[in-house]
Amino acid sequence: MRIFSCLYRTLYGSAALVPLVLLLVISLSPARPVIAEPKQTVFDLSNDFSFEANPNKVWQYGYTPTNTLSVDQFRFQKNVTFDTTGVGFWHPDKNNGPGPDYYPYIACNKSNKTQLVFGGLAFRPGEVAMESSRSGQYGLIRFVAPENGSYEISAKYEGIHYGLSTTDVHVLHNSKSLFDADIDGYGGDPDFHKVEGANPRAEYSGKVALRKGDTITLAIGYGKNKTNSCDTTGLFAKITLADH
Ligand SMILES: [Ca+2]
């Protein structure tokens with residue numbers, strides 16, 4: 001009996017020591033180096049684009065409730081669809097195809113080759129595109145500055161609809177306009193359709209001081225002809241934190 005009692009005490013004592021030994025080993029282990037992720041300073045709309053999240057870090061996908069370019073009325077897109085090529089579309093809400101809650105949309109070709117969508121829209125690799133609604137609601141993409149600093153902004157718009165896009169395109173800092181232009185024509189991938197029209201492309205570049213939380217809004221409307229027919233307009237945008 002005494003033997004068993006002794007054995008029990010020995011085993012129990014060893015087991016009780018295990019947590020203490022582990023704690024000692026962990027506390028004496030050299031600290032693991034903390035590898036900080038490099039801070040993102042280049043914000044590329046195409047590279048960063050997401051169909052899973054909205055807001056998506058510094059980017060937000062939205063629209064206006066009316067045909068007034070009122071950035072303070074920004075509404076978030078909520079619903080995503082994909083066409084057969086894999087090009088995705090953010091929409092205001094669930095819908096039954098072209099009509100209410102389908103427009104304004106924000107689309108992106110995440111593949112590495114130009115995709116022909118609906119037989120008449122050519123999306124270059126990574127290209128984002130927007131189309132206004134029939135009533136002239138704007139498609140909006142918003143960048144929210146992550147910190148105070150000087151930012152270099154580049155925005156390139158181009159008509160990508162074979163029916164020749166007729167849109168108004170804009171860049172705003174908060175509610176202040178930085179750039180306004182009209183797109184009239186096709187300025188997309190020339191291997192898919194010839195470049196034509198009075199103004200198939202428009203480009204803005206500039207350096208702007210932003211405070212944390214300031215917004216840069218990229219907007220597309222239905223243009224002077226006040227119809228969104230054949231209006232799909234592509235966009236490549238990059239915002240770089242230059243000095244801070
Ligand atoms: Ca139009």
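The values are calculated or read from the model by the stated rules, or taken from the named source; none is laboratory data. Predicted model only: the values in this text are computed from it and were never measured. Ideal geometry is used to build each Cβ from the backbone, glycine not excepted, and the neighbour counts take in all protein chains shown.
Does any residue of the range 182-189 turn out to be surrounded by fewer than 20 Cβ atoms within 10 Å (Cβ to Cβ), more than 15 Å from ALA122 (Cβ to Cβ) and either hydroxyl-bearing (Ser, Thr, Tyr) or modelled with pLDDT under 95 (or both)?
no
What is the one condition in (1) without any contact (Cβ under 8 Å) to a residue 24 or more places away in the chain; (2) touching a Gly at 6+ places or on another chain (Cβ under 9 Å); (3) not hydroxyl-bearing (Ser, Thr, Tyr) that GLN73 does not satisfy?
GLN73 satisfies every listed condition except (2).
Could you tell me how many of the residues in the range 81-110 are farther than 16 Å from GLY62 by Cα and either crowded, with 22+ Cβ neighbours inside 10 Å or within 15 Å of the chain's Cα centre (by Cα) (or both)?
Number of matching residues: 3.
Quickly run through the range 202-220 and pick out the residues that are buried (at least 19 other Cβ atoms within 10 Å of the Cβ) and either within 16 Å of the ligand (Cβ to nearest atom) or among the charged types (D, E, K, R) (or both).
Once the filter is applied, which keeps residues that are buried (at least 19 other Cβ atoms within 10 Å of the Cβ) and either within 16 Å of the ligand (Cβ to nearest atom) or among the charged types (D, E, K, R) (or both), the range 202-220 yields ALA202, ALA219, ILE220.
Scan (1) more than 23 Å from the chain's Cα centre (by Cα); (2) hydrophobic (A, V, I, L, M, F, W, C); (3) surrounded by 13 or more Cβ atoms within 10 Å (Cβ to Cβ) for the single condition ALA198 breaks and write down its number.
If we test ALA198 against (1) more than 23 Å from the chain's Cα centre (by Cα); (2) hydrophobic (A, V, I, L, M, F, W, C); (3) surrounded by 13 or more Cβ atoms within 10 Å (Cβ to Cβ), just (3) comes out false.
Go through the range 221-237 residue by residue and tally those that are within 10 Å of the ligand (Cβ to nearest atom) and closer than 16 Å to ARG142 by Cα.
The total comes to 1.
Please indicate, with yes or no, whether at least one residue in the range 165-173 is more than 16 Å from the ligand (Cβ to nearest atom) and of a type outside the set (A, V, I, L, M, F, W, C).
So far as the range 165-173 goes, yes, one or more of its residues are more than 16 Å from the ligand (Cβ to nearest atom) and of a type outside the set (A, V, I, L, M, F, W, C).
Among all residue pairs at least 6 apart or on different chains, which show Cβ distances below 6 Å where the first residue, located in the range 35-58, is more than 22 Å from ASP243 (Cα to Cα) and the second is among the charged types (D, E, K, R) and at pLDDT 95 or above?
Taking only residues 6 or more apart or on different chains, not a single pair turns up.
Look at ASN54 and say whether it is in a loop (DSSP other than H, G, I, E, B) and surrounded by fewer than 16 Cβ atoms within 10 Å (Cβ to Cβ).
Taking the combined requirement at face value, the residue does not satisfy it.
Would you call LEU121 within 23 Å of ASP243 (Cα to Cα) and among the hydrophobic types (A, V, I, L, M, F, W, C)?
No: the conditions fail for LEU121.
Quick check on this structure: which one of PHE43, PHE89 is in contact with a Ser or Thr (Cβ under 9 Å, 6 or more places away or on another chain), farther than 27 Å from GLY136 by Cα, at pLDDT 95 or above and not in a loop (DSSP other than H, G, I, E, B)?
Only one candidate qualifies: PHE43.
Only residues that are under 17 Å from ALA145 (Cβ atoms) and of a type outside the set (A, V, I, L, M): list them for the range 159-186, please.
Listed by number, the residues that qualify are HIS173, ASN174, SER175, LYS176.
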